[in-house]
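Encoded as structure tokens, the structure appears first; notes follow it.
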Ligand SMILES: *Cc1c(COP(=O)(O)O)cnc(C)c1O
């Protein structure tokens, strides 16, 4: 990460904090926001002065292009606090690069790295009281960019707003999930925007996921759009399979989001001496492995939940149940290792922690 340059960040502090009204033991994920937000507008071909202001509603014209053509990308990251009140981010340079990769695909101008880091760091310093200590607690950080030019011609906007808002979070998903393997719907296609964190990718998932929920399942495992034979992602997470003692995940391509958690889990598994394989994995392979008793675990990985284990999957009206997990499961060992790095309670051999100070 580059040192912060002087970006002329303007800070307007909130006159009072809302924090006393927050029940941190009963947080509804993503519904409570901290006292401040970061914003920076793109106009006349350049990013303008960045600002931190009190969190508040904003006014945007109904004709803003984001409402009509979905020109919007986002990121998801977290800040953690250790027992000495030190604040850490996890591989934030990955998120900074990725939002620009996503932006480029949606014809959105890239946001300068120094603005990103200065905005984020100052915002976290102002709102650090909102980061709760203790494993599983964090402050969820949502950087995003929207097209705000008031114009409804179907072409890229000439004005954008980059923002960062923050929401205190406990563990996102709890327990295991039952999943449906997609046989009809797809989340992304070759040459499409699946690799970008584009807002529209999520909109496209809600309806198929709601059908799965009606069947009593919680998530969809997305398969390749051509054949629906290969396993690609789990809901909004990357996906891993433990077959025997090997850990397998699909290779990145233009349909799959290049998850920071995914690449970190692959590295940590290797550090632990677990054999990993990055290759295509078919529905037929996991069905056979399940029938032979070789399919030990399936789990999703992502910033929100770190690791979300699957208890069963359904395909072709048939349900396949996974064994119960114990403390030695790969998912519990890898999650524990990740949490220890993130919360500064374990060693960090790859220098993934970044202290905010
Ligand atoms: C954000 C996201 C992930 C997980 O990425 P992380 O960097 O690990 O949080 C996986 N799949 C999709 C579709 C995503 O949007």
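May I ask you to say which residue of 310, 356, 306 is under 21 Å from the mean Cα position of the chain (by Cα) and within 25 Å of residue 184 (Cα to Cα)?
310
Only one residue in 244, 235, 259, 216 is touching a strand residue (DSSP E or B) at 6+ places or on another chain (Cβ under 8 Å), within 30 Å of residue 24 (Cβ to Cβ) and at pLDDT 95 or above. Which one?
259
In the list 11, 108, 99, 19, which residue meets the criterion of being in contact (Cβ under 8 Å) with a residue 12 or more places away in the chain, closer than 23 Å to residue 198 by Cβ and either more than 24 Å from the chain's Cα centre (by Cα) or more than 16 Å from the ligand (Cβ to nearest atom) (or both)? So that I can check it myself, show each step before the final result.
Working: 11 fails: closer than 23 Å to residue 198 by Cβ; 99 fails: either more than 24 Å from the chain's Cα centre (by Cα) or more than 16 Å from the ligand (Cβ to nearest atom) (or both); 19 fails: closer than 23 Å to residue 198 by Cβ.
After ruling out the rest, the residue left standing is 108.
The values are calculated or read from the model by the stated rules, or taken from the named source; none is laboratory data. Because the structure is predicted, anything quoted here is derived from the model rather than measured. Positions of Cβ are backbone-derived with ideal geometry, glycine not excepted, and every protein chain shown enters the neighbour counts.
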